[in-house]
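Asker: The structure is given below, and queries will be raised subsequently.
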Amino acid sequence: MTEPRRSLWRHADFLKLWTAESISQVGTQVTQLALPLAAIVVLEATPFEVALLGTIEFLPFILLGLPAGVWVDRLRRRPILIAGDLGRAIALGSIPIAFVLGVLTIWQLYVVGFVVGCFTVFFDVAYQSYLPSIVERDDLVEGNAKLEISRSGAALVGPTIAGVLVEWLKAPVAILVDSISYLGSALFVFLIRRHEPEPVHPDVAAGGERPKMRQDIAQGLRYVLGHRYLRWIALSTAVSNLFSNMLFAIYLVYVVRELGLSAGTIGVIFAIGNIGFLTGAVVASRLERLTGLGLAIVLGAVLAAIGVLLIPLATAGTAFVLLVAAGLLVGFGNVVYNVNQVSFRQAITPERMQGRMNATMRFIVWGTIPVGSLVGGVLGTAIGLLPTIWIGAIGGLTAILPLVLTPVRSLRRIPTSPEEYEAVEAARTGRAAAGGVTAAEVTAAEDGAASAQGAVAAAMEAEDAMPGVVAGAGPMPSPGWEPVAANDDPLAP
């Protein structure tokens, strides 16, 4: 009889990682407001200087994203996380010191923004790659959902805390709170006790030499772009980021100048809309079990796209209601999409490829962000704000196509290990090439496996656990991922 799985609420090392992330997220909310305000209010920076600050903070994600993935795969992830926290704490701590001494300049803000961005690149890639080392593969959705709750909660209460601190302490001094939060995050990561083996490259293990960095980077690109599922998830996310940033680059200008909303009203709209993020984080794992993995991913993308479509429909009279609804749908949909697709990526990727996979995905999907922002600004000036908003909203609908027209929609659940996934995929490819299985046989096999999984899930629910298996979502046009059957034939009925 299978032993009931332990809840992550009783998983000491995960709770430490979760606590570290929660502390850090609240502190980061302070800096996101305090850093530009320090430039605007204290240093009286020009609009161009403030915009340049945001660009400099983002540059490391483009410049260092792929190399960071290689280093994360070559080194233990926990020391990288600690170094990332300590580095950001020291860099940010220099700002209040310079302010008190009266020597703070815009150039220091640029340097600090770039340095913090560099440490954040390594931290984020290592962070997503480290979670599968902490929890089992069938706990990934629950783990990512809990971590998303922290991010959503910080987004909900963080701006209020940040506003009070900036008003009370002045922007540069308020950044000290974020510096201290990174020290707290580093402490909790340090307290994690689960052993993390030192990564060994397969070529080195076989007695050869370690490949050059460009070879490892190329391997990460080939892994993602050649993957049956990951390339479509990357394409969908990249297209969504392109069009959404085209829209949101001019969103505030649009709602202020075209819809006539005040800053206070916009703040309330954002605050209520953030509830969608929190709700999505709470129900993401339950939705995956209810509908199946593929449909949960598609549903999240569809809801987010519908939410964005409400924005250009708003008028001066309906702006508050429609923009709140848009925020709720976008927040809920994005979190459901991200929790499930990130968990799937982590589950199917071997440990030695986690860093490069996450870095490559981030490089692809974030690479369209500055392009979208630039195009949005150009179009907003050339053709007007509302037409540009419409282009971004309608264009965002195309991000759904790579999910619904490919095998992604047919995914049934998250596999329990990369080895099991690879075995099933190899068998599926071999059977399909030999013509040894029909669509009806595949569907029958999946439905039979899904029924068995549903029984296990029900038993685990009785134990108040969070099961890692889900019942099937019904017959699919193409075979989804299923576990290896007892007779080692993954497609057998």
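Asker: Given the condition of a type in the set (S, T, N, Q) and not in a helix (DSSP H, G or I), answer yes or no: does some residue in the range 244-262 qualify? Working first, answer last.
Answerer: So in the range 244-262, the residues of a type in the set (S, T, N, Q) come out as 244-245, 262.
Next, from what is left, pick out any that are not in a helix (DSSP H, G or I): 262.
Checked the range 244-262: at least one residue is of a type in the set (S, T, N, Q) and not in a helix (DSSP H, G or I).
Asker: Then there is this: Inspect all residues belonging to the range 317-329 and state whether any of them is touching a Phe, Trp or Tyr at 6+ places or on another chain (Cβ under 9 Å) and β-branched (Val, Ile, Thr).
Answerer: no
Asker: Related question: Residues 395, 384: which one is of a type in the set (Gly, Ala, Ser), outside the structural domain of residue 78 (by TED's automatic domain parsing), surrounded by fewer than 23 Cβ atoms within 10 Å (Cβ to Cβ) and on the phi > 0 side of the Ramachandran plot? Talk me through it step by step, then tell me what you get.
Answerer: On the way: 395 fails: on the phi > 0 side of the Ramachandran plot.
On inspection, the qualifying residue turns out to be 384.
Asker: Moving on to the next point. Can you tell me which of 382, 347 is farther than 19 Å from residue 300 by Cβ and small (Gly, Ala, Ser)? So that I can check it myself, show each step before the final result.
Answerer: Numbers: 347 fails: farther than 19 Å from residue 300 by Cβ.
Result: 382 is the single residue among 382, 347 that is farther than 19 Å from residue 300 by Cβ and small (Gly, Ala, Ser).
Asker: Oh, and also: Do any residues in the range 415-430 that are under 20 Å from residue 129 (Cβ atoms) have Cβ atoms under 7 Å from those of residues that are part of a helix (DSSP H, G or I) and modelled with pLDDT under 75, where the two are at least six apart or on different chains, and which pairs are they?
Answerer: Listed by first residue and then by second, the contacts come to 415/137; 416/137; 416/138; 417/137.
Asker: Say we look at the range 329-364 and pick out the residues that are closer than 24 Å to residue 312 by Cβ and among the aliphatic types (A, V, I, L, M); which of these is surrounded by the fewest Cβ atoms within 10 Å (Cβ to Cβ)?
Answerer: 329
Asker: For the range 398-415, enumerate the residues that are of a type outside the set (Val, Ile, Thr), surrounded by fewer than 16 Cβ atoms within 10 Å (Cβ to Cβ) and in a helix (DSSP H, G or I).
Answerer: Residues of the range 398-415 that are of a type outside the set (Val, Ile, Thr), as a first pass: 399, 401-403, 405, 407, 409-413, 415.
With the extra rule that they be surrounded by fewer than 16 Cβ atoms within 10 Å (Cβ to Cβ), the set shrinks to 401, 405.
Result: 401, single match.
Asker: With surrounded by fewer than 18 Cβ atoms within 10 Å (Cβ to Cβ), part of a helix (DSSP H, G or I), modelled with pLDDT under 85 and of a type outside the set (Gly, Ala, Ser) as the only criterion, which of 270, 277 stands out? Break it down into steps so the answer makes sense when it comes.
Answerer: Numbers: 277 fails: surrounded by fewer than 18 Cβ atoms within 10 Å (Cβ to Cβ).
Selected residue: 270, the only one of 270, 277 that is surrounded by fewer than 18 Cβ atoms within 10 Å (Cβ to Cβ), part of a helix (DSSP H, G or I), modelled with pLDDT under 85 and of a type outside the set (Gly, Ala, Ser).
Asker: Ok, one more. Here are some residues: 283, 302. Which one is within 30 Å of residue 386 (Cβ to Cβ), out of contact with any strand residue (DSSP E or B) (no Cβ under 6 Å at 6 or more places or on another chain) and among the β-branched types (Val, Ile, Thr)? Break it down stepwise before answering.
Answerer: Numbers: 283 fails: within 30 Å of residue 386 (Cβ to Cβ).
Residue meeting the stated conditions: 302.
The values are calculated or read from the model by the stated rules, or taken from the named source; none is laboratory data. It should be emphasised that the depicted structure is a prediction, and the values quoted were computed from it without experimental measurement. FYI the Cβ positions are ideal-geometry reconstructions off the backbone, even for glycines, and counts take in every protein chain you see.
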